[in-house]
Amino acid sequence: MALIKKIRQRTGLAIGVIAVGLIFFLVGGDLLGPNSTLLGSSANNVGEIAGEDVSYEEYIRKIEEIKISFQQNTGRTPSENEMSTLREQAWQALIVDKVFAEQYEALGLTISDAELVDMVQGKNIIAELRQQLTNPVTGEFDRSQLISFLQSLETAGPEQVAFWEQQEKMFAKGRLRIKYDNLLSTSEYANSKEGKLEHRMANSIADVDHLFIPFYAVSDSAVSVSDSELKAYISKYPEKFKVKNAADLEYVSFELTPSSEDSAAVIAEIKRLTEELRTSDADSAFALRNSDGQNPFIVIAPGEELPNTLTSNVDDVQVGETYGPFLTNRSSYITHKVTSKFDGTPRMRAAHILFGAQDMSDDAKAEVRQNAENVLKEIQNGLDFATAAAQYGQDGTAQRGGDLGWFAKADFVDAFADVSFAAKTTGLINRIIETEFGYHIISITELPKSTSYKIATIELELGPSDVTRNDVFRKADLFASTSGNAAEFTTNAEKDGYRIIQANNVDAFGRTLNNLLNAREVIRWAFNEASEGAVSTVFELDNAYIVANLKKKYEEGTASLDQVRQQVLVQVRNDKKAEIIKGKLAGKTTLEEMQSVFPNEASLDKSPDLRMNASVLPGVGYAPKAIGATFGLKNPGDVSKPIHEDVGIIVIKLNTLTPAADIASYNSYQSQLTLNASQRTAYMIMMALEDLADVKDYRYKFF
């Protein structure tokens, strides 16, 4: 059995090995020669974690684990965008596995068999299972579903059993992480002196006048900055300019837009199909055969809206009529035929507030019911139902005001459905309804409806034809084939009137170029195959062909001046402007005198209740140094020295200072400090361990 299981697991890999072998045979020995990097010592690694190489195969196995879990939970294969997210989850899972495993072992943290049983079928079911096994009506965890699932494993196939084993491993790892985080977060403590300081910072108040002089008070032309000064600034503050692998690209985009001939052809075709649909006796088959849309034939259940493209263009919809074609906001033409109108299963709409009482004692249930009765009285006395649902509701509907949407009688338990469908008017039902899930307050929002429709739809996309695509590709291919280097790229673009678009500081893991989506292959080319100055072949994106030129690559680490020139220029220029402003303020003793030096730019304001723990100065912005300087002033009337903030120069005049009064106990401040620190602990631990592990990420070369 185990052998069969391993064969199944390795089938995909075996096929891949055979395919790779065929490729090696076809392309010859150069690929495996001494100059090849494909099979070099590190070419098969997607990264490093804690000094340990992470191979491509190991990473793929982790992705497959995450992907299988996704498929089991959603019942479908992930899209490419979702796969990007799953790859990131797999990478983070590897980091956690490798970084935290050593920590768990050192601390002796384990998950016992009894604990695991309790997590998946005992009194403390973990959140992941509770979310997966919920009653669709109440949104509550349904233990009966869990019992049925666990019983089914006895006769389940090997794939389902393997999936469950993998889930249990994930649950155990998750619980270990919770134990580790809790161990450290509960070690946080703030002493009485820290509590006293927190109280002082929160309750010390200053009344101040403040002068603000923005840097634009000095013109840029009054300050000269050399490249050597900019480089010196980067060297002095390297932590400000940390960057990942990046590249500067430029590209020419050949847009794939429909020609006038394409538009005329689509319009003619949709008109022809509209007339055929009008006389068709097999609407559903005709629509399914001829439509580009996702839902060519739909049944509109009672309470559901007719398609917006129909109701926005037709006031009175009639059975048997064909309407269209209409131009949609999806760049397509659409035609609808109302095939039939009939009485379907009645559906109604209601909202509820659930007070859960499952598995409770009679006394506990009585208390819950009394609470529900009290809330019902509040609603009867004017409390908004949606507000009450948000405040008191105990299921997933609470966040949407208790709304249950449209439902049929069979969708709900009898006690709930019978009362709801017996209602003769909309509004609140003035009594508590008990079901197996607990106690409900119900408000009828729509009475039962039974009218249903069948709608046949033909939709044709208005896009470039194959002829247009071929014409555009030929232009792009000619441009690429005649542009062997950066100089020819520029010359040819200027000669043919093509616009060269810049895309600077493109991240190695990026998926877009400016507003161009799904450009991952272009970016992979830049970081794998291309050297600086190289020109690409033609890449096909969603709505364009592009040809790119790699201008420059940047390694991870401290940014070069070219990467951050504008950012550094602003910083250095502002530093020089600050010195000019300070020089002009020298000798001035009052804020009014200082303001007169910059009459059009400087602003003088008052803040009567500035607190020590503030970081924003009203009317100015983020100014922690200025606020700190304020509480360093001793006497009313004292004026600070000019303070250099990121936003400009600030000068403070102290009017009054009211220190925080001593109180009997600082326990509440200690508790708040401890709580705040505990809440940050898990994130800070992860960041610290990642930093210590020196994680290196090369996945951009592969995906």
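Over 18 Å between Cα atoms, which of K236/K696; K475/K495; K582/K625; K231/K584; K98/K244; K244/K701 qualify? Pairs exceeding the cut-off: K236/K696; K231/K584; K98/K244. Once the chain from S312 to D691 is taken as fully extended at 0.36 nm per residue, the excess over their C-alpha distance is 130.8 nm. The listed residues I432, I205 rank as I205, I432 when sorted by accessible area, largest first, using a 1.4 Å probe. Legend: calculated FRET efficiency, N635 to K179, from the Cβ-Cβ distance at R0 = 60 Å, rounded to 0.05, equals 0.65.
Modelled label positions at R143 and Y104, each set 7 Å beyond Cα in the direction of Cβ, lie 2.8 nm from each other. Within the same chain, aspartates and glutamates fewer than 8 places from K552 are excluded, and of the rest, those with a Cα less than 13 Å from its Cα are D248, E250, D507, E532, D562. Neighbours of R143, meaning other residues whose beta-carbon lies under 13 angstrom from its beta-carbon, give a summed charge of -2 when Lys and Arg score +1 and Asp and Glu score -1.
Rounded to the nearest 500, what is the 222 nm mean residue ellipticity of the chain from helices alone, with -39500 (n - 2.57) per DSSP H run of 4+ residues and division by all residues?
Rounded to the nearest 500, the figure is -14500 deg cm²/dmol.
Before anything else, pin down the relative contact order of the chain: Cα pairs under 8 Å, at least 6 apart, normalised by residue count, whole percent. This gives 23 percent for the chain. Charge tally around S536: other residues with Cβ under 10 Å, Lys/Arg +1 each, Asp/Glu -1 each, net -2. Annotation for region 260-284 versus region 482-552: alpha-carbon center distance of 40 Å. Once Lys and Arg get +1 and Asp and Glu get -1 on their Cβ, which of L517, Y323, I442 lies farthest toward the positive end of the dipole of the chain? Toward the positive end, the furthest listed residue is L517. Taking the protein heavy atoms of the chain in the context of the full set of protein chains, the accessible area attributed to carbon and sulfur is 50 percent at 1.4 Å.
This model, with +1 at the C-beta of Lys and Arg and -1 at the C-beta of Asp and Glu, gives the chain a dipole about its Cα centre of some 1120 debye. Between the labelled values (i) 138; (ii) 306; (iii) 167, the entry that holds volume of the Cα convex hull per residue in Å³ as derived from this structure is (ii).
The values are calculated or read from the model by the stated rules, or taken from the named source; none is laboratory data. The model shown is predicted, which means the values in this text are computed figures rather than measured ones. Note: ideal-geometry Cβ built from the backbone for every residue, glycine included; neighbour counts use all protein chains shown. Just so you know, the surface numbers come from the protein's heavy atoms only, side chains and all, with ligands and any DNA or RNA stripped out. Shrake-Rupley method; radii C 1.70, N 1.55, O 1.52, S 1.80 Å.
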